[in-house]
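The values are calculated or read from the model by the stated rules, or taken from the named source; none is laboratory data. All values reported here derive from a predicted model rather than from experimental measurement. Please note: Cβ atoms are built from the backbone with ideal geometry, for glycine as well, and neighbour counts cover all protein chains shown.
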Amino acid sequence: MLTPIKRIYSNLAGVDFTNDPGKVQLNRSPNCINMWKNYSSTQGQCVETRPGIKILENVNNKRVYGMHIFDINGNKKMVVHGGNDIYECFNFPSAGYKWLRKGMNAHKSSMCIFQDKLYINDGLNYLVYDGTTVNEVANEAYIPTTTIARLPKGGGTVYQAVNVLTGKRKNSFIGDGESKEYFLDTVMLDNDVEVKAWINDTETSNFTVDRALGKITFDTAPIAPDTAGESNVIIQFSKTVSDYAARIYNCTVNLTFDNRIFFTGNPQFKNAVFHSELKNPAYISDLSYYQDGTSDNMIKGMTVGNNLLWVFKETSQQNDTIFYHVPSIDTENGKIYPSKQGNISTGCVSTCINFNDDIIFASRLGLEGIGTNITQEQVLNHRSSLIDAKFVNENNYSELEMCEWQGYLLCLVDGKIYLADSRQRFQGINGYEYEWYYWEISKEIGKIILLKEYENNLYFATDNGNIGKFEGTNDNGKIIYSCWTMPNDVFGNENHLKTTNKRGGISKIKTIPNGLVKVAVATNKKDEMLVTTYSATGFDFGNIDFTNFAFTTKNNSYVVYKIKQKKFIELSLKFYSDELDRPFGLYDAMIEAYQGSYIKR
């Protein structure tokens, strides 16, 4: 009597798009679409159909370049940069929006929260949203006192640096009761900005201005202060440096770090990282910047990890590409962030992220993680070997977006989503790697170009102005096609023909409201054919189709399939759903086959 070969497909892990379908491990899939592990439901024991999508709003059919969701005093706000405008979606997440501002750059924008306000950089503007209106940060720019304890003829102590967001500055003087002429610490003042003066905290207009010489002449000499050496004359003026504000306005990336906002992405300063002063996004010193490497290759992204600011530059054959900034205390300048050069030369093509303390960036070869060896030197570890064959060849790979959600790293490229699972890792050649899943979204809603996580929910925006959320069991009324295909299995013997045991097929299926799974089989001799359809529906009266219903209260069911295939070399099972609102979940599968004669050619 022949002994059947039993094949068990369990502990399902993710996709493998790199290897031949016959070389894929039995717990991975060479063809998996729109599946994932929902850890909040089954603790990752099964793979199941992804959530559907629901359109919440459309912002005048305009391409969305930026989006941020946050809470201001208990009110949830979604701010959307669509086309050349900014909108606020009110009653979020309900429908409805209002226009806030025009004049935005038609370019990907970056938004970050600082002190309950939203700061926006789009390569043309530096704006702030306070929950009601959007304004230029320059309108509330801090006016620094650049020199203190200055004598009427000059001198004094350099105090604060110039603010690049405004030409306005202050000088403080010590009056002597005799001098009427007071010389500022610069010349060629702006002609269109009023000069102001205060004597003993009282504003006065009894003076004339020589803007070319930077000289103020009072009608009456200010008296000396009551306390010797104390400044009692304050003069406010404006001296604009032409390219100062553009340093920040032309940045396209911002983030918060160490109670400051950092900026980069200015094409005129390819290697520059700027930052605001402590707890003051409206004050950016003309000295608060660092140069990471040469200006030949552009900074592509920044992220924060291990109390460091990581900076990633585009590929360069001659120059270094990774730098990091360590917060330090300088006795003269206070808190500084000196740039240090990393020992990795692989360049970044799009963006970077801190994914559960794993610093990741996208290279030409896929996703790279930064680890350390026993000498504490940085080591490059590849993270995406299982998807690289498909992933890096996607159109617009250089426009890759990353987002963290429910323990997954979502990589959005050309409207498709690749998901790295932080809870499923395996040891690769150069360190650990992630198991991956792959989603395709109906193009009828437009191409998804942005993903945002908020309060454990996943939101998206498209190139035609749609704003939506991942939820439900359909794609805005369209079918979600989901499938898990087993590898092409030779049952341990490539040189023998096999015949299935028609009684040896069974799978454990998750019970899902209105759930349904179809089982198909394919061999090297026959194309894919449907074997059986099984309803895995449990009790949830909110969404039940009683025409195809299995009465069970358990979390799982079993589907038995009779497969009759003879004299094949390899066989593959496929579990899928192609009907509206009919998701499925798969724990494991089993099939038996008998070994036959040797293959003859």
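Of all the residues that make up segment 109-155, how many are crowded, with 21+ Cβ neighbours inside 10 Å and at pLDDT below 95?
Adding up the residues that qualify gives 0.
Would you confirm, using the coordinates I've provided, whether T499 is surrounded by fewer than 20 Cβ atoms within 10 Å (Cβ to Cβ) and β-branched (V, I, T)?
Answer is yes for this residue.
For L26, only one of the following conditions fails: (1) at pLDDT 95 or above; (2) under 24 Å from the mean Cα position of the chain (by Cα); (3) surrounded by fewer than 23 Cβ atoms within 10 Å (Cβ to Cβ). What is its number?
Failed condition: (2).
Yes or no, residue by residue, for (1) at pLDDT 95 or above; (2) more than 16 Å from N34 (Cβ to Cβ); (3) small (G, A, S):
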| site | (1), (2), (3) |
| --- | --- |
| C411 | yes, no, no |
| Q427 | no, yes, no |
| Y437 | yes, no, no |
| K443 | no, no, no |
| K452 | yes, yes, no |
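With modelled with pLDDT under 90 and within 25 Å of the chain's Cα centre (by Cα) as the only criterion, which of K37, K76 stands out? If you could, list the steps in order and put the result at the bottom.
Working: K37 fails: modelled with pLDDT under 90.
One residue alone meets the criteria, K76.
I'd like the full set of residues that are of a type in the set (F, W, Y) and either in contact with a Lys or Arg (Cβ under 7 Å, 6 or more places away or on another chain) or surrounded by 19 or more Cβ atoms within 10 Å (Cβ to Cβ) (or both), limited to segment 97-108. Can you show your working first?
Residues of segment 97-108 of a type in the set (F, W, Y): 97, 99.
Scanning segment 97-108 gives a single hit, Y97.
Give me the residue from segment 156-181 that is surrounded by 19 or more Cβ atoms within 10 Å (Cβ to Cβ) and among the hydrophobic types (A, V, I, L, M, F, W, C) and, out of that set, nearest to I223 (Cα to Cα).
The initial filter retains those residues of segment 156-181 that are surrounded by 19 or more Cβ atoms within 10 Å (Cβ to Cβ), namely 162-175.
Retained after the next criterion (residues that are among the hydrophobic types (A, V, I, L, M, F, W, C)): 162, 164-165, 173-174.
Values: V162: 28, V164: 33, L165: 34, F173: 11, I174: 9 Å.
Per the criteria, the residue is I174.
Could you please find all residues in segment 305-350 being of a type in the set (D, E) and under 19 Å from the mean Cα position of the chain (by Cα)?
Once the filter is applied, which keeps residues that are of a type in the set (D, E) and under 19 Å from the mean Cα position of the chain (by Cα), segment 305-350 yields only E314.
Search segment 56-71 for residues that are in contact (Cβ under 8 Å) with a residue 12 or more places away in the chain and pair each with any residue that is in a strand (DSSP E or B) and among the hydroxyl-bearing types (S, T, Y) when their beta-carbon atoms are under 6 Å apart and the residues are at least 6 apart or on different chains.
As it stands, the answer is E57/Y97; V59/Y87; I69/Y454, since those pairs meet every condition given.
Mind counting the residues in segment 242-275 that are part of a loop (DSSP other than H, G, I, E, B) and either surrounded by 19 or more Cβ atoms within 10 Å (Cβ to Cβ) or modelled with pLDDT of 95 or more (or both)?
If we filter segment 242-275 for residues that are part of a loop (DSSP other than H, G, I, E, B), which is where we start, we get 242-243, 250-252, 258-259, 265-271.
Applying the additional criterion that residues be either surrounded by 19 or more Cβ atoms within 10 Å (Cβ to Cβ) or modelled with pLDDT of 95 or more (or both) yields 250-252, 258-259, 265-271.
Summing the residues that are part of a loop (DSSP other than H, G, I, E, B) and either surrounded by 19 or more Cβ atoms within 10 Å (Cβ to Cβ) or modelled with pLDDT of 95 or more (or both) in segment 242-275 gives 12.
With the condition kept exactly as written, say whether any residue in segment 263-278 is touching a Gly at 6+ places or on another chain (Cβ under 7 Å) and among the hydroxyl-bearing types (S, T, Y).
Checking segment 263-278: not a single residue is touching a Gly at 6+ places or on another chain (Cβ under 7 Å) and among the hydroxyl-bearing types (S, T, Y).
Does segment 223-237 include one or more residues that are free of Cβ contacts under 8 Å to residues at least 12 places away in the same chain, among the acidic types (D, E), surrounded by fewer than 17 Cβ atoms within 10 Å (Cβ to Cβ) and out of contact with any His (no Cβ under 7 Å at 6 or more places or on another chain)? Walk me through it before giving the result.
Step one: of segment 223-237, the residues free of Cβ contacts under 8 Å to residues at least 12 places away in the same chain are 226-228.
From what's left, among the acidic types (D, E): 226.
Filter again for surrounded by fewer than 17 Cβ atoms within 10 Å (Cβ to Cβ), leaving 226.
Then drop every residue that is not out of contact with any His (no Cβ under 7 Å at 6 or more places or on another chain), which leaves 226.
So far as segment 223-237 goes, yes, one or more of its residues are free of Cβ contacts under 8 Å to residues at least 12 places away in the same chain, among the acidic types (D, E), surrounded by fewer than 17 Cβ atoms within 10 Å (Cβ to Cβ) and out of contact with any His (no Cβ under 7 Å at 6 or more places or on another chain).
I'd like the full set of residues that are hydroxyl-bearing (S, T, Y), in a loop (DSSP other than H, G, I, E, B) and at pLDDT 95 or above, limited to segment 532-588.
Taking segment 532-588 and keeping what is hydroxyl-bearing (S, T, Y), we get 532-535, 537, 547, 552-553, 557-558, 561, 572, 576-577, 587.
Then drop every residue that is not in a loop (DSSP other than H, G, I, E, B), which leaves 537, 547, 552-553.
Selection gives nothing.
Consider only pairs whose beta carbons are under 7 Å apart and that are at least six residues apart or on different chains; among these, list those whose first residue lies in segment 566-587 and is more than 22 Å from F491 (Cβ to Cβ) and whose second residue is in a loop (DSSP other than H, G, I, E, B) and of a type in the set (A, V, I, L, M).
D578/I479; E579/I479; L580/I479; P583/I512; F584/I512; F584/A536; G585/I512
Looking only at segment 331-350, decide whether some residue is surrounded by 15 or more Cβ atoms within 10 Å (Cβ to Cβ), touching a residue at least 60 places away in the same chain (Cβ under 8 Å), of a type in the set (F, W, Y) and over 26 Å from M67 (Cα atoms).
For segment 331-350, residues surrounded by 15 or more Cβ atoms within 10 Å (Cβ to Cβ), touching a residue at least 60 places away in the same chain (Cβ under 8 Å), of a type in the set (F, W, Y) and over 26 Å from M67 (Cα atoms): present.
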